[in-house]
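S.K.: Quick one: the structure is below, questions incoming.
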Amino acid sequence: MEGIEMQASLLKLRESLQLPNTSAPVFNFENLRRESMKREEEARRRDQINTLIGAVPALFRGKGWDDFHLDYPAQERCKKIAQNFVATFPARLKEGTCLKFLGISGMGKTLLSLIMYQALAESGFAVKYESSLHFLRQFQEREFESHAAYQNLLASYQRPQFLIIDEVSVGIGKGGLPSEWQKNHLYALINQRYLNRMCTLVISNHDNDELVERLGEPTVGRLSENGITLGFNWKSYRQK
């Protein structure tokens with residue numbers, strides 16, 4: 001009885017002093033801190049993904065594998081290769097595997113490339129999409145601005161693990177042909193990415209021979225070494 005009375009007295013004393021009940025569960029503040037950091041990191045990751053997806057042209061934003069329709073056997077082959085590339089991207093990144101999507105306008109080259117882009121972005125990889133014309137104009141402007149501005153722009157194209165350059169064989173000069181300075185800028189970019197084993201996908205409405213003629217053997221050679229070339233040769237989506 002004395003033991004029970006003692007416990008009762010201690011409880012009354014604790015209540016009078018407003019001391020916490022030692023029998024209640026104790027919060028683990030370290031676990032709470034870790035959980036909070038985890039939520040913050042996930043929120044930052046989601047914001048980064050949303051920013052990358054938001055950079056996709058509205059026509060292609062939100063498109064997935066099912067949106068690349070299969071009406072011809074060659075389409076199925078291109079789609080399977082693209083899916084495998086995304087599924088094995090860490091290995092492709094170690095090898096610095098590049099891709100060339102070649103074929104006339106309306107074949108779905110940009111669509112398939114941006115499906116890949118969005119799938120890789122959702123998986124947490126750094127991706128970037130750029131049209132050749134915009135890419136070249138930026139370099140032209142930075143070249144006349146300052147050397148530091150030019151180097152910073154070049155570095156911004158080195159960081160993405162997966163870079164898409166659309167309409168790569170189109171220049172901003174007379175007749176849409178790339179000028180020598182444009183070829184040099186493109187080579188500088190492709191060469192640096194080649195040396196750093198970054199994956200680059202280029203899209204062109206020309207075949208490989210025409211690509212070499214327009215961009216030069218050194219540039220196309222670096223894209224082709226350990227690379228994948230897909231020919232988009234079927235009826236145009238836009239004619240259906």
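The values are calculated or read from the model by the stated rules, or taken from the named source; none is laboratory data. Because the structure is a prediction, the values reported are computed rather than measured. When we count neighbours, we look across all protein chains shown, and the Cβ atoms used for this are built from the backbone with ideal geometry, even at glycine. Please note that ligands, DNA and RNA were not included when accessible areas were found on the heavy atoms of the full protein model with its side chains. Shrake-Rupley method; radii C 1.70, N 1.55, O 1.52, S 1.80 Å.
S.K.: Amide H neighbours of Leu99 under 5 Å, at least 5 residues apart or on other chains, H built in the peptide plane: list them.
M.R.: Counting only residues 5 or more places away or on other chains, the set is Thr200, Leu201, Val202, Ile228.
S.K.: Right, another one. Whenever you get a sec, compute what percent of the accessible area on the stretch 59-147 sits on carbon and sulfur atoms (1.4 Å probe).
M.R.: That fraction is 52 percent.
S.K.: In percent, what relative contact order does the chain have, based on Cα pairs under 8 Å that are 6 or more apart in sequence?
M.R.: 27 percent
S.K.: To the nearest µm²/s, what D does Stokes-Einstein give for the stretch 131-240 at 10 °C and 1.306 mPa s, using the Kirkwood radius over alpha carbon pairs as Rh?
M.R.: 108 µm²/s
S.K.: If you take the square roots of the eigenvalues of the alpha-carbon gyration tensor of the stretch 109-149 and sort them as a ≥ b ≥ c, do you get rounded (a/c under 1.5), prolate (a/b over b/c) or oblate?
M.R.: Since a/c reaches 1.5 but b/c is at least a/b, the shape of the stretch 109-149 is classed as oblate.
S.K.: What distance in nm separates the two pseudo spin-label positions at Thr229 and Ala58, each 7 Å out from Cα along the beta-carbon direction?
M.R.: 3.8 nm
S.K.: Starting from the amide H of Ser131, placed 1.01 Å from N in the peptide plane, find each other amide H under 5 Å away whose residue is 5 or more places distant or on another chain.
M.R.: Asp166
S.K.: Please quote Rg/Rh for the stretch 143-204 to two decimal places, taking the Kirkwood radius as Rh and restricting both calculations to Cα atoms.
M.R.: 0.98
S.K.: On the principal axes of its Cα set, how long, how wide and how thick is the chain? Give whole Å, largest value first.
M.R.: Cα extents, longest axis first: 102, 50, 31 Å.
S.K.: What accessible area, in Å² to the nearest ten, does a 1.4 Å probe give for Asp71?
M.R.: Accessible area of Asp71: about 80 Å².
S.K.: In nm, to one decimal, how far is the modelled label at Trp181 from the one at Asp67, with both set 7 Å along Cα→Cβ?
M.R.: Between Trp181 and Asp67, the simple spin-label model gives 3.7 nm.
S.K.: Straight-line reach from Lys174: which lysines have Cα under 20 Å away, leaving out those fewer than 8 places along the same chain?
M.R.: The reachable lysines, counting only those whose Cα sits under 20 Å from Lys174, are Lys183.
S.K.: Another question about this same structure. Rounded to a whole number, what % of the accessible area of the stretch 153-228 do carbon and sulfur atoms account for, probe 1.4 Å?
M.R.: For the stretch 153-228, the apolar C and S fraction of the accessible surface comes to 48 percent.
S.K.: I need the helices of the chain that pass two filters: whole DSSP H segments spanning 18 Å or more by Cα along the axis, and mean Kyte-Doolittle score no lower than -1.0.
M.R.: Going by DSSP H runs, the hits are 2-17, 73-87, 109-122, 180-195.
S.K.: Roll a 1.4 Å probe over the protein chains and send me the accessible area per residue for the chain in Å².
M.R.: I get 59 Å² per residue for this part.
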